[in-house]
């Protein structure tokens, strides 16, 4: 994406977009104002910032950082400031000596972002080679109409080519049954391996609803109380952090901060390569000694570190390691055979990861997510994602009470809804992207993006539909593409009439 042209901030019509004096980026979503158009006010469309990863920052942070330094937006620079950095105030231009000090501070703060951005994209990019097969690799269940399968194949291929990603994979469940799965493009360009429905992709933040499902199964078994403070059960917690509850961690209202730019760099580059953590407990060292951003339960702050802390509490409740409890409580009962903890070592059927959009690609930098497995350290397939969705609606998997709790947005201490309508690991929303503004559709969803991958899982309970889309391209355009593709696939189903209702599984 071109970062040199100055975009007209007037094109960004989000009500919270600030006039900051640097008319380049929207201070709300950190995207170039010229490509935003008009934001919708729903949580689904306007609040995707939390899925920011090293890729998105490497594309956009250097310029957006300068913009946000002057406005102090609550979802701006302060989330990614290096540890110990004191945000600049609107009174940045003070006395000459203060200006000099602040300028030095500014250079220190943004230098890693600039270096990271330049190093990440300094290598030459190549056009994505055309896949030798013009058709999608797909499977469908018995009784699923051939016309529906063809329509979905065409829609997926069209979406992948339009987005210019290396590959795209998707799956659909209707009426509690996996009905179709397809893929198009390259799992590995260098190895000349095509993607298939069993190709594994990085989940990004869709690991969070998986973690939430494991948590609620522990609640059903009375092994965990959502509203019991952590107390002294986890070593290293400060006095104020001991008051945090599992519910607050799962809903991002605990006050635990999100990861910083420097922490992203250490997991991707590092002085000696990506840093690895041998256990969940060891990974907590990244943040456990830091103060809270606010009193637990009073505000919303999206935090992957919060999920890392939650995963440690789940380990103690279950009496097993986090990977083991995921297998026992989620992967095995939901038949998610292709979902696993990601790692640096080679893995069977895992895609190779790229940064790609517009038909141009480069290899993604290796990353180690061992300190954030619960919030973004898994690999999976779209088919396993929809199997998760199927499980979520089964009384045999979760009690009705647990499901209702998991899918109810958490209310803040002042009685107000949190700003993202976030429940426990899931967002609850009314979408106009599926059938248009005249046909809003209730959805339960989560997306994810990180180096080399983007993913999206959406459930439309009233339609009896769950859709998942994944790619091995980790750019902001890829993140938007997987979401758009999920909605397009639903629209392609012949069983969906003009009122936006699914009559039932297509025959």
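Since every read-out is calculated from the coordinates, none of them should be taken as a lab result. Treat the numbers as computed from the prediction; the structure is a model and nothing was measured. Positions of Cβ are backbone-derived with ideal geometry, glycine not excepted, and every protein chain shown enters the neighbour counts.
Cβ crowding within 10 Å ranks 221, 427 as 221, 427, fewest other Cβ atoms first.
Rg to Rh for segment 363-413: what is it, with Cα atoms only and Rh by Kirkwood?
1.12
The residues 206, 219, when put in order of fewest to most other Cβ atoms within 10 Å, stand as 219, 206. Each 5 Å bin, from zero up to the one with the longest distance, holds this percent of the alpha carbon pairs of segment 117-253: 2, 8, 12, 13, 12, 10, 9, 9, 11, 9, 4, 1, 0.
Look at the Cα gyration tensor of segment 383-505: its axes a ≥ b ≥ c give a/c under 1.5, and that counts as rounded.
With 10 angstrom as the radius, rank 311, 399 by how many other C-beta atoms surround their C-beta, starting from the fewest.
Working: 311 28, 399 14.
Going from sparsest to densest Cβ surroundings: 399, 311.
Cα centroid separation, segment 179-194 to segment 127-152: 11 Å. On a per residue basis, the convex hull of the C-alpha atoms belonging to segment 201-492 measures out at 134 Å³.
Taking 0.36 nm per residue of sequence separation and removing the Cα-Cα distance, the residue 194/residue 362 pair yields an extension gain of 58.8 nm. Pair-distance distribution P(r) for segment 193-267, from all Cα-Cα distances in 10 Å bins starting at 0: 15, 34, 32, 14, 5, 0 percent.
So what is the relative contact order of segment 201-492, in percent, for Cα pairs below 8 Å that sit 6 or more residues apart?
For segment 201-492, the relative contact order is 24 percent.
Once you divide the Cα radius of gyration of segment 221-353 by 2.2 N^0.38 Å, the number left is 1.13.
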